[in-house]
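Only one structure is covered here, and it is reproduced in the block below.
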Amino acid sequence: MALDLGARWDKKFQQWMASRIPPRESVTLDRKIIYIIPSSNGLMFVVAAGLVFIAAINYAVSLAFGLAFLMVSIFILAILHCFNNLNQLTFTGLASRAVFAGEQATFRVKITRSPTRKHEALHLNFPGENSSHADLFINDQVEVDVFAAASKRGYFKAPLLKTTTYYPLGLCRAWSVLDLNLRCLVYPKPIPFVMSQFNIGSGGTDDSAIIKEGSEDFYGLRDYVPGDSMRQVAWKNVARGQGMQVKQFVDYVDNKVWLDWDMFYGFNTEERLSRLCYCILKLSKQDKPFGMKIPGSEIPPDTGPEHKKKLLRTLALFGVE
Amino acid sequence: MDISYQIPRTALVWILISVVMVVLPQSLRIPAWISIIALGCVIWRVLIFTGKLNYPSRLMRVGVVLFTVAVSISQMRNIGVGLDSAASLLVLGFVFKLIEMRQKRDIYVVIALCFILSMVSFLYSQSVVATLYIAACVVVITGAMISLNRSVLISDNSGTIRLAMKLSMQALPLTIVLFVVFPRIAPLWAVPISSNGSTTGVSDEMAPGDISQLGRSGELAFRVQFENGAQPFHSELYWRGLVLDDFDGVTWRRTNSSSSSSYGRAAALSDFNFNWQDRVNTDGNPIYYNVILEPTQQPWIFGLHLAEDQSNKYFQSRNFELFNNGLITQRTSYDLRSWRSNQTDVTLLDSGRRRTTSLPDDDGNEQSRRFAQQLRSSVNSDRDYVYAVLANFQQSEFYYTLNPSLLGDNRIDDFLFNTREGFCEHYASSFAYLMRAVGIPSRVVVGYQGAEYNPYEDYMMVYQYNAHAWNEVWLEGEGWVRFDPTSAVSPERIELGVEAALADDPAFMEDGLFSAVRRGNIDWINAMRLRLDAIEYEWNRRVVNYNEDVQFEVFEQILGEVTEEKILMLLIGLASVALAVVGFTVIRFDPPSPQTPVNKFYKQVLCKELRKIGLERAPGEGPQAFCARVSRERPELAGPMAEITKLYIQLNYGEKTVEQETIKTELRKMKSLFQQLRTSV
């Protein structure tokens, strides 16, 4: 119950934060958006300063007072320097690579400093995710990959990006929460599917057949290129004095491989998309042309990485605004 | 969320250095075996660090806890619950934590303990050197914290130490403000610092050889500054400590001081806090002076006869000794006034007379007793007798030396008629004996005689080798009168100082550091020594001695009438000024970035032009988003707009190292594109 309440509060808080922070591609941190609180180590440090102070009172030791005050001053300076470590850093969101649902989405963030400053030990993370580390020690700018679990297909809008630092003394934690308008395309999660269940088309030599280099049928002759197999050289033609020629063989392949929405009868939408995604990955490896028909779009057969991307993108955005 | 909790390796080195640094001053005081354990733990930690040993097992840890408990119990039984036992325990717990720490959190426990141990060092010494050392410790501990929070990929130790020093320096102004202005609070509960540190200075017993032992020490006993430069002559500087009036044939003691445990309470020691003014006659004006006494681990303090404490913190005993309430375990500053022309106990009570004329019945020394009676019968008055005894010391072949021959069973006889060489305690002891032998009340006074003048800060330094013993004799109608038999033997001891009197004695100051140098009397070294001591003296007066009373005086000077509100306002005011100054130096505010020509063109020419046709760039709208919107609403502008935006992004957000020439040509390109766009508009 308490946990539930905590989670609800957390969600409310996130929403409140999101409403406070306008999405921008590039943000420079300043005092309006940097927050600082003492860390637990800092509280321990303050307790130690308190002990020194009490001892100073009770033993009436002047320099122990001095030590207690020095500790307090160091603590205050830790706050200032910690703030400094974030102040005036510029964060810019960069384009991110598409991923499959269930994978870690990788968001690339560029951090830029002004040349006169050094910033160290920055930790970037999305709520509940592992943090990535960045130093702007030697370079004026770094690019950092920050990870977030992509659970649903479609456009994944990154959660609020949190940048935290404990530098230099670890006595306080300064952080800032940004919305860099980071987006990432999430393809459906591929689910294995036995391909033989559907028809990959029949062999044949009709018009639409495409020719691919192979070893079955003789197709013609072409000029010899160094490196060709000696067994394929048309020696008869050489004997006739027509020069070195090579026999070409081809396989006839049916291009009418269609991935069809209706092939996955009995599955719901997401399950169909996942299986389609699997088939696309599988088929694109075989380098055979294939097309896809799903409600609302029909993509003619083709090969190559661009084609694959186009198909996956269609799946990812199926039914998504 | 998941910031690495592991300890970086460089940070560990820093921590180990800090630990060694803060334990080092303690190791002078804690039992040696604890220092050895501490060293062992540091070495163990280094071996864990290099991978040769493992962390302690669970069994080991339980064993360590039991061991510490056992040690603490035995320590309390042996030396009592006090600072020393607490310090040793703290060190033990501290080094055990060291071998056990694995995570950053543990390191912060160790760091907090480092600061607390630094504070413990201040309980023992607040000298300039100790303060500088602790300041260095704080810088190193700060460095440890910095390296703990730096990336493991960066190994930049010089940067770490620079930052640590910078941070400490920046922390200094605020520290000073807080030190001066933050209201000092009186102790919440009384904590006597009972230390088993050995006592220094003159003690409450005097046997032959006791004071000459102090003559070998060049340590400082106390510093004195007279108000208005009213310094007495060197021969008048008798710093009275204790009055010893009980003699057992060998040793002089205070009467009723058999139980030394009662030293915790001054009232018990000073017998009673009687109305002493009735027993004295004073003449003339008192002289005022301030004394800063080095810790003695004894309860009494020193002053010129007849001294009165100005703050009523010290107790006057019936023999006009001054006692502190508790042992002097730290440097202590007190203000006294003394009436140098005074008479005390003009009428002597019978009990007092009995006490100060009694001699043991069976002490032998028949020759001395006979000598005394013969001498007394040859003169008319007690005063003449005193002079006769002093003349005897002067005229017979007596030697003033730190290394006298050993005395036989009849000590007084042996000294007066046989060896005839001794230090002040021999003379004082036999003088008092000769007085008592004919029934004249007399007693031994121990304290210091003489001082070295420091011209740099106009004060005097009294060393342990100034320790001295002299006598007080009660004379009818005059009360107690001071006589110094040593001055009869060695007048230069009193007039010029012990340094002059013993310059050729090889035992003089032989235990002191640089004693050879000091005896060599090289001018510039002497000047430097005095200069350094003057710094130490000022440090004590202004910093170490800055307590509630001094602070109140400072407040009065600044505020006039002191009220709580005024103090609070002063504190807040000064602290915020210090904080603001430090804050502005620490936080670097960038000047608003100068507009690059590219940026200027984009924002002030292009966006302005587009605003005219109702396409205003929303705040926070990126150039790409803006371009998309413009192209959507005015498709005829899409071409040049996209080109300009592309160039703009490339120049403004791309590599910063693009050459000026390229920027110029690109900007020209942008401008010509803008002309196209304008015509389309």
Exercise. Looking at this structure, is residue A:18 in contact (Cβ under 8 Å) with a residue 60 or more places away in the chain, more than 30 Å from residue B:186 (Cβ to Cβ) and of a type in the set (A, V, I, L, M)?
Worked result: yes
Seminar exercise, completed: The residue from B:469, B:488 that alone is modelled with pLDDT under 90 and assigned by TED's automatic domain parsing to the domain that holds residue B:203 is B:488
For this session: Output the number of residues of segment A:293-320 satisfying the condition of being farther than 18 Å from residue A:192 by Cβ, hydrophobic (A, V, I, L, M, F, W, C) and touching a residue at least 24 places away in the same chain (Cβ under 8 Å).
Result: 5
Seminar exercise, completed: The correct count of residues that are assigned to a helix (DSSP H, G or I) and of a type in the set (S, T, N, Q) in segment B:481-490 is 2
For this session: Would you please name the residue that is nearest to residue B:236 (Cα to Cα), looking only at residues in segment B:446-480 that are among the polar types (S, T, N, Q) and outside any strand (DSSP E or B)?
Result: B:466
Seminar exercise, completed: In segment A:95-129, anything out of contact with any helix residue (DSSP H, G or I) (no Cβ under 8 Å at 6 or more places or on another chain), crowded, with 17+ Cβ neighbours inside 10 Å, at the interface with chain B (Cβ under 10 Å from one of its Cβ atoms) and part of a strand (DSSP E or B) is listed as A:112, A:123, A:125
Problem set entry | Every residue from segment A:130-141 that is free of Cβ contacts under 8 Å to residues at least 40 places away in the same chain, within 20 Å of residue A:177 (Cβ to Cβ) and more than 8 Å from chain B (Cβ to nearest Cβ) | A:132, A:134
Exercise. Do we find a residue being more than 7 Å from chain B (Cβ to nearest Cβ), touching a Gly at 6+ places or on another chain (Cβ under 8 Å), over 14 Å from residue B:138 (Cα atoms) and of a type in the set (Ser, Thr, Tyr) anywhere in segment A:74-94?
Worked result: no
For this session: Output the residues belonging to segment B:123-161 that are within 20 Å of residue A:118 (Cβ to Cβ), of a type in the set (Ser, Thr, Tyr) and within 8 Å of chain A (Cβ to nearest Cβ).
Result: B:142, B:151
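Listed here are the residues, each with its yes/no results for (1) surrounded by 13 or more Cβ atoms within 10 Å (Cβ to Cβ); (2) farther than 27 Å from residue A:311 by Cα; (3) of a type in the set (Phe, Trp, Tyr); (4) modelled with pLDDT under 80.
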| position | (1), (2), (3), (4) |
| --- | --- |
| A:167 | yes, yes, yes, no |
| A:180 | yes, yes, no, no |
| A:190 | yes, no, no, no |
| A:194 | no, no, no, yes |
| A:210 | yes, no, no, yes |
| A:217 | no, yes, no, yes |
| A:225 | no, yes, no, yes |
| A:229 | no, yes, no, yes |
| A:248 | yes, yes, no, yes |
Exercise. Name the residues in segment B:84-101 that are more than 14 Å from chain A (Cβ to nearest Cβ) and among the hydrophobic types (A, V, I, L, M, F, W, C), would you?
Worked result: B:89, B:91, B:92, B:95, B:96, B:98, B:99
Problem set entry | Unique match (being acidic (Asp, Glu), at pLDDT below 85 and over 29 Å from the mean Cα position of the chain (by Cα)) among B:511, B:504, B:549 | B:504
Seminar exercise, completed: Checking A:66, A:50 in turn, the sole residue that is without any contact (Cβ under 8 Å) to a residue 40 or more places away in the chain, assigned to a helix (DSSP H, G or I), farther than 30 Å from residue A:311 by Cα and more than 10 Å from chain B (Cβ to nearest Cβ) turns out to be A:50
Problem set entry | Subset of segment A:12-28 [outside any loop (DSSP other than H, G, I, E, B) and either under 24 Å from residue A:111 (Cα atoms) or within 14 Å of another protein chain (Cβ to nearest Cβ) (or both)] | A:14, A:17, A:18, A:19, A:20, A:26, A:27, A:28
Seminar exercise, completed: If you go through A:145, A:140, the only one that is over 24 Å from residue B:621 (Cβ atoms), assigned by TED's automatic domain parsing to the domain that holds residue A:71, surrounded by fewer than 20 Cβ atoms within 10 Å (Cβ to Cβ) and in contact with a Pro (Cβ under 8 Å, 6 or more places away or on another chain) is A:140
Seminar exercise, completed: Quick count over segment B:491-503, residues being at negative phi and part of a loop (DSSP other than H, G, I, E, B), is 3
For this session: Go through segment A:156-165 and give me each residue that's charged (D, E, K, R) and either surrounded by 22 or more Cβ atoms within 10 Å (Cβ to Cβ) or touching a Lys or Arg at 6+ places or on another chain (Cβ under 9 Å) (or both).
Result: A:157
For this session: Output yes when any residue across segment B:536-546 is closer than 17 Å to residue A:66 by Cβ, surrounded by fewer than 12 Cβ atoms within 10 Å (Cβ to Cβ) and touching a helix residue (DSSP H, G or I) at 6+ places or on another chain (Cβ under 9 Å), and no when none is.
Result: yes
Exercise. Residue check: is residue B:450 of a type outside the set (A, V, I, L, M, F, W, C), closer than 30 Å to residue B:541 by Cα and in contact with a Leu (Cβ under 8 Å, 6 or more places away or on another chain)?
Worked result: yes
Seminar exercise, completed: Of the residues in segment B:327-357, those that are of a type outside the set (D, E, K, R) and either touching an Asp or Glu at 6+ places or on another chain (Cβ under 8 Å) or not assigned by TED's automatic domain parsing to the domain that holds residue B:294 (or both) come to B:334, B:336, B:338, B:339, B:341, B:342, B:343, B:346, B:352, B:356
Exercise. In the list B:229, B:215, B:249, which residue meets the criterion of being in contact with a Pro (Cβ under 6 Å, 6 or more places away or on another chain) and at pLDDT 75 or above?
Worked result: B:249
Exercise. Hey, among the residues in segment B:169-185 that are assigned to a helix (DSSP H, G or I) and either facing another protein chain (nearest Cβ under 7 Å) or aromatic (Phe, Trp, Tyr) (or both), which one's farthest from residue B:568 (Cα to Cα)?
Worked result: B:170
Exercise. So, of the residues in segment B:121-136 that are of a type outside the set (Gly, Ala, Ser) and surrounded by 24 or more Cβ atoms within 10 Å (Cβ to Cβ), which turns out to be modelled with the lowest pLDDT?
Worked result: B:122
Problem set entry | The listed residue being at the interface with chain A (Cβ under 10 Å from one of its Cβ atoms), basic (Lys, Arg) and surrounded by 18 or more Cβ atoms within 10 Å (Cβ to Cβ), out of B:104, B:166 | B:104
Exercise. Any idea which of B:70, B:38, B:112 is among the aliphatic types (A, V, I, L, M) and over 31 Å from the mean Cα position of the chain (by Cα)?
Worked result: B:70
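The values are calculated or read from the model by the stated rules, or taken from the named source; none is laboratory data. These numbers were taken from a predicted model, which means no experiment stands behind them. Cβ atoms come from the backbone with ideal geometry, glycine included; neighbour counts cover every protein chain shown.
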